[in-house]
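Report on one structure; see the data block that follows.
The values are calculated or read from the model by the stated rules, or taken from the named source; none is laboratory data. This structure is a prediction, so every number in the text was calculated from the model and none was measured. Cβ placement follows ideal geometry from the backbone for every residue including glycine, while neighbour counts extend to all protein chains displayed. Keep in mind that these areas ignore ligands, DNA and RNA; they rest on the heavy atoms of the full protein, side chains included. Shrake-Rupley method; radii C 1.70, N 1.55, O 1.52, S 1.80 Å.
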Amino acid sequence: FVQICAACCHRMGDARGDVREMALMASVLVINNNPGSLPGSYTQQLIARVQEAGLQTYEVRTVDALNSLASQLAELTANGANAPSRVGLIISCGSPVELTEPVDLRAQVCKTTAAMLLFPDAPVVGICYGMQLLALLYGGSLKEQRDTAHKGVWAEMRKTAGVTSRLLHGMPPRFSQKASNYIFVEQMPHHFTVTAVDSANRIMAMEHVRDHVYGIQWHPEVIGDQVGRSLVDRIFTLVGQPRGCSEGGGFLPVVKLRSVCLSADADKEVSSLHEVDLELRKVVKELVESAGKKAAVELGKVLAGKRKELMTSLRRFQSDPFGSDGDLSSACACARQELREVAAAWLNNPAPAG
């Protein structure tokens, strides 16, 4: 099973044209580890968050599907695509259907292993079940604690004191997140550090000391507050970055939008990429409606393409990809202004959307 998630979802074999278009941009590969190749509610929420960020998504549920995807991307590259591997981020996720059912974790490790070998430059984030798989893959061990499991509740997470985390940088010392697991990492893999624990001091987050490989035991895709939204946005800043960090594991370089704007709505505050996307969609709708019926269809296509392009740039707007000090509101104002400029230019010289 391979699914491509964009404005709508398609089976891989039915949408070669869509695959070709998506291969030209960095995408997120979601490894679905749910038992029985089921979609999984958390996994589908994660895919929804990816789409909200304006990113293309490949979802795979079997090793065969993963190999098929890699072969088709390689074929596209050989035929002139821009890059040999346009998978820019691997997210391994999933969870048992019921907390009371046993799960063969080792039987699932091969999917994440294959993805990391097939796309060796892509950063990796393991969420819930995916973190457990990463721990096994890198040589750690797990333990079951069914009596004190996190049963789909909002649990308190505590950042590890004295540890500098790239992923949790800027987060409050304590915060609540949705957790649903009875399996925990018992022995940390070599070259990983614990970055967060729960109130019982069990490992809830880890990261590689050098590479962009991260594990999160909770579900940030279940947005309950600003912490979850900020963490999801930070995960997406990894898209297209090399898996190997620079010496010392420092922060990554980012692409910034111009920050000086004259837009009348420059003071409108936004705090997440999802809010930015909603604002830009509103602007597109207003511009299309004001253009009149005759121009609406073609202008809508032009502006939709521009909005996606702007969202790609905005993902890397913040001053560092794991920080929280970037002026996202100013960047959003710039994006609104740019959409208006594009609309004005098109109306002065209408042309079919390419």
1.4 Å probe accessible area per residue over segment 110-254, in Å²: 37 Å²
Could you give the nm distance between label points at residue 121 and residue 297, where each point is 7 Å from its Cα heading toward the beta carbon? 4.0 nm
Quick one: 3J(HN,Hα) in Hz for segment 294-300, Karplus 6.51/-1.76/1.60 with θ = phi - 60°, rounded, Gly and Pro as x. 5, 9, 4, 5, 5, 5, x
Amide H partners (placed H, <5 Å) of residue 152, local residues excluded: 179, 180, 181
Stretched fully, the stretch from residue 193 through residue 143 gains (0.36 nm per residue minus C-alpha distance, one decimal, in nm) 16.2 nm
